[in-house]
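> Quick one: this structure, given as structure tokens, is what I'll be asking you about.
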Amino acid sequence: MMRGSYQLILHLPKATVLQVGRRGTFLFPAGLYVYTGSALNGVEGRLNRHRRQNKTLHWHIDYLLCHARIISIRVFPTPRKVECALNREVLKQPRAQVIAKGFGSSDCRCASHLVFLGQLRT
């Protein structure tokens, strides 16, 4: 079992208004997103769950994954929780924005673990 953190690189094809559990309702612009999470009890199982279409909506990311497509996954094997540090690096990217405050970051002080990077360039 591999422990660690991961980043899902997502594409949302069209602007979408979503109710994200009890977090609230947000307008997610179409484009590229990076979601940073951790799975200290097993990255493989968590990523398999994220890839599944039919699942109970539990985590904030589950709601967005009903509309967005995973285009890439980055895995960072470590027994330590490093998701906040990884997320801070994503937020340094040009055009990085927080769209949904508190998304995926209920258990830390980060503004959000979902970062919008803008439209996909073709």
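> By what distance, in whole Å, do the Cα atoms of the chain stretch along each of the three principal axes, largest value first?
Largest to smallest, the principal-axis extents are 37, 34, 31 Å.
> Please turn the phi angles of the range 24-37 into ³J(HN,Hα) values with the Karplus equation 6.51 cos²θ - 1.76 cosθ + 1.60 (θ = phi - 60°), one per residue in order, whole Hz, x for glycine and proline.
Values per residue, Gly and Pro as x: x, 9, 9, 9, 9, x, 5, x, 9, 10, 10, 10, 10, x Hz.
> Still on this structure: Under a plain spin-label model, where a point goes 7 Å from the Cα along Cα-to-Cβ, how far apart in nm are ARG69 and LYS55?
Modelled inter-label distance: 1.9 nm.
> What order do THR25, THR56, THR36 take when sorted by accessible area (1.4 Å probe), most exposed first?
Descending accessible area places them as THR56, THR25, THR36.
The values are calculated or read from the model by the stated rules, or taken from the named source; none is laboratory data. These numbers come from a predicted model, not from an experiment. Methodologically, a virtual Cβ is constructed for each residue, glycine included, from the backbone with ideal geometry; neighbour enumeration extends over all protein chains shown. Please note that ligands, DNA and RNA were not included when accessible areas were found on the heavy atoms of the full protein model with its side chains. Shrake-Rupley method; radii C 1.70, N 1.55, O 1.52, S 1.80 Å.
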